[in-house]
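Following: one structure in structure tokens, then a few remarks.
The values are calculated or read from the model by the stated rules, or taken from the named source; none is laboratory data. This one's a predicted model, so the numbers in the text were calculated from it and none came from an experiment. Here Cβ is always computed from backbone atoms with ideal geometry, including for glycine, and neighbour counts include all displayed protein chains. The area values use the complete protein model at the heavy-atom level, side chains included, leaving out ligands, DNA and RNA. Shrake-Rupley method; radii C 1.70, N 1.55, O 1.52, S 1.80 Å.
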Amino acid sequence: MEKEEILIIDFGGQYNQLIARRVREQNVFCEVVPHTISIEKIKEKNPRGIIFTGGPSSIYSDNAPKCDEKVFELGIPILGICYGMQYMAYTLKGDVKRADKREYGQMRVNLENKSKLFSGLKKENICLMSHTDYVDKLPQGFDKIAHTNTCKIAGMEDKKRKFYGVQFHPEVNHTENGYKIIKNFVIEICGCKAEWKMDLFAKKTIESLKRKIGDKKALCALSGGVDSSVAAVLLSKAIGKNLTCIFVDHGLLRKNEVEEVENIFTNKFDVNFVKVDAKDRFLNKLKGVTSPEKKRKIIGEEFIRVFEEEAKKIGTVDYLVQGTIYPDVIESGLGKSSVIKSHHNVGGLPDYVDFKEIVEPLRDLFKDEVRKVGKEVGLPDYLVNRQPFPGPGLAIRIIGDITDEKLNILKEADYIFREEIAKNNMEKELSQYFAVLTDTRSVGVMGDERTYDYLIALRAVVTDDFMTAKFAKIPYEILEIISQRIVNEVEHVNRIVYDITSKPPATIEWE
Ligand code: XMP
């Protein structure tokens, strides 16, 4: 796809992914690259503009990150954020000084409206500042465009060369209307046309896959999750029956999930769909196993074995399809070649599958963009908007050993929970929600009889990144109905509790 691109040069800041998100929200493609990128590589990418990120270093420290100074000679607009601004000022022969103490928090910043960078913003804007060094003297050609009570140069511009710097972080929500600053830079200053749209992406990707793969064969491990499903559909639209999708049913998926995936990929798309019914194999291996980590390991290994056996039946394929998405690429380390996405937390699929090349059609996309592509190519909403589901599946939601009976209890309870959340239109509010079958039994009374049955825990969290999470405040009235329904409809459950711990200290999953 022809890309109009903004290049984000990474100086080690913690908000770099957010900068990329903000640019993408303007329908402009961007990528984050390490500061060690060569000038030739930058020229090759031919960006419309460059953003220098923030970073924790002082420009005067020994290993202060720097990039090739020739970026300033490319005639391309540059926006430096925080450390990025200091780096710009220092390199262009201004002066950067060290303050006695760090300025941190939301500050009132006076913006000088005449700068294009701030057009549409109020004169006084609350911005997140986080810095110790500051620009004391502007480089030649620059004007001051913002200040605070304590920071006399909180923004600078060289209108002629289109170089801009801000001492605060426009990419975070703590900065009022920060997205407008990014928008002004990307659209008004760099002149990007905002053409990075997912309908066009889908169309162009399918065309280019068609050209690249031609009548060769590709293989895809389909998990039923969003990423692998969208990748598979793009490939199916490009090469049809030359794509084989292998779907390993380990018996640990949620109620109806296997049928849903099978139905879509056999009826809606024209691919070779191989479902491997491996439930017994997995349950045999898991018999009597109670340790969460052991469960994960067994499932991971067995998954590889099953996939390998099926792949062997197909023989050599030319391409292996992976659902890698952009956050995987960023997280696996910039500058290094990206690690192949592991399946179910075990690395190395390519080691044992005989293939020539990997195709990763979603490598450039964020999750919400993947969902948009999914919709474009005709995947149903329930699949596209699916909440994350761990590779080891229900195995880590059954505390203690796993049996067929326990699996059935959990599937039914979880299904009721999901059904009620859907009925109450709460799906979008919750990041992840599921039932857990504990290994506790307690006494209850049903009719005139005493029962001694399982305890189900309900877990629902709200989070952006799954690294931290808050327990969701589902209204009691809804919890009450869920509890009544589970106890009435699922045999061997007589008590329900709601997990009210956030992460940390708890994790989202129970195992
Ligand atoms: P925790 O429980 O660590 O979960 O707070 C964070 C997110 O990761 C998912 N998760 C897993 N995903 N394999 C996966 O593919 C795993 O072994 C695994 N363990 C946890 C969890 O569902 C949540 O979204």
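Per-structure values
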{"read-out": "Accessible area (Å², per residue) of region 37-117, counting only protein heavy atoms and a probe of 1.4 Å", "value": "51 Å²"}
{"read-out": "Between region 240-256 and region 156-197, the alpha-carbon center distance in angstrom", "value": "44 Å"}
{"read-out": "Formal net charge of residues neighbouring THR440 (Cβ-Cβ distance under 11 Å; K, R +1; D, E -1)", "value": "0"}
{"read-out": "Calculated FRET efficiency for the pair GLU301/GLU207, C-beta based, R₀ 45 Å, to 0.05", "value": "0.70"}
{"read-out": "On Cα atoms only, tilt of 367-376 relative to the major axis of the chain in degrees", "value": "70 degrees"}
{"read-out": "The chain, helix-only ellipticity at 222 nm - DSSP H runs n ≥ 4, -39,500 (n - 2.57), divided by all residues, nearest 500", "value": "-9000 deg cm²/dmol"}
{"read-out": "Where only alpha carbons of the chain are counted, the Rg and the Dmax (Å)", "value": "26.5, 88"}
{"read-out": "Most to least accessible of GLU44, GLU4 (protein chains only, probe 1.4 Å)", "value": "GLU44, GLU4"}
{"read-out": "3J(HN,Hα) from dihedral phi, region 408-423, Karplus parametrisation 6.51/-1.76/1.60, rounded to Hz, x for glycine, proline", "value": "5, 4, 5, 4, 5, 4, 5, 5, 5, 4, 5, 4, 5, 5, 5, 4"}
{"read-out": "Environment charge of THR316, counting only residues whose C-beta is closer than 9 Å and scoring Lys/Arg +1, Asp/Glu -1", "value": "0"}
{"read-out": "Listed residues SER229, PRO361, THR290: farthest to the positive end of the dipole of region 198-384 (Cβ charges)", "value": "THR290"}
{"read-out": "Accessible-area value, ARG363, 1.4 Å probe, nucleic acids and ligands omitted, Å²", "value": "80 Å²"}
{"read-out": "Degrees, to the nearest 10: 16-25 long Cα axis against longest axis of the chain", "value": "90 degrees"}
{"read-out": "R0 of 45 Å, Cβ-Cβ distance VAL445-LYS216: FRET efficiency to nearest 0.05", "value": "0.10"}
{"read-out": "Hull shadow area, averaged, region 198-384 [alpha-carbon convex hull, nm²]", "value": "10.7 nm²"}
{"read-out": "Surface accessible to a 1.4 Å probe, per residue, for the residues of region 388-490, Å²", "value": "49 Å²"}
{"read-out": "Rounded accessible area of HIS492 (nearest 10 Å², 1.4 Å probe)", "value": "70 Å²"}
{"read-out": "Size of charge dipole - region 90-141 - debye, nearest 20, with Cβ of Lys, Arg +1 and Asp, Glu -1, no other charges", "value": "120 debye"}
{"read-out": "Unit charges on C-beta of K, R, D, E only; dipole of the chain, Debye", "value": "1680 debye"}
{"read-out": "Estimated inter-spin distance, GLN14 and THR266, nm [label 7 Å along Cα→Cβ]", "value": "5.0 nm"}
{"read-out": "Cβ-Cβ FRET estimate between THR150 and LYS367, R0 fixed at 56 Å, reported to 0.05", "value": "0.90"}
{"read-out": "Positive-end residue of VAL33, ILE81, ALA506, charge dipole of the chain with Cβ unit charges", "value": "ILE81"}
{"read-out": "Net charge dipole size for region 198-384 [Lys, Arg +1 and Asp, Glu -1 on Cβ; Debye, nearest 20]", "value": "120 debye"}
{"read-out": "Computed label-point distance, nm, for sites LYS41 and ASP143 using a 7 Å Cα→Cβ extension", "value": "3.7 nm"}
{"read-out": "List LYS66, LYS160, ordered by accessible area with a 1.4 Å probe, largest first", "value": "LYS160, LYS66"}
{"read-out": "With every protein chain in place, the chain: carbon and sulfur % of accessible area (1.4 Å)", "value": "47 percent"}
{"read-out": "Solvent-accessible surface (1.4 angstrom probe) belonging to THR468, in square angstrom, nearest 10", "value": "70 Å²"}
{"read-out": "Inter-label distance, nm, simple model (7 Å from Cα along the C-beta direction), GLU308/ASN284", "value": "1.7 nm"}
{"read-out": "Sparse-neighbour loop sites [chymotrypsin sites (Phe, Trp or Tyr not before Pro); region 1-70; at most 13 other C-beta within 10 Å; DSSP]", "value": "TYR60"}
{"read-out": "Residue-wise HN-Hα coupling along region 82-95, computed from phi with Karplus coefficients 6.51, -1.76, 1.60 (Hz; x: Gly, Pro)", "value": "6, 4, x, 5, 5, 4, 5, 4, 5, 5, 8, 6, x, 10"}
{"read-out": "In Å, descending, principal axis extents of the Cα set of region 385-444", "value": "32, 32, 15"}
{"read-out": "Residue (of SER208, THR440, TYR319) at the positive-pole extreme of the chain, dipole from beta-carbon charges", "value": "SER208"}
{"read-out": "Span from the region 369-438 Cα centroid across to the region 58-117 one, whole angstrom", "value": "45 Å"}
{"read-out": "Spin-label zone in region 76-111 - amide nitrogen under 14 Å from a point set 7 Å from the Cα of THR132 along the C-beta vector", "value": "83, 97-104"}
{"read-out": "13 Å cut-off, amide nitrogen to a point 7 angstrom out along ASN110 Cα→Cβ, residues in region 155-184", "value": "155"}
{"read-out": "Cut-off 11 Å between beta-carbons: net charge of the residues surrounding GLU157, Lys and Arg +1, Asp and Glu -1", "value": "+4"}
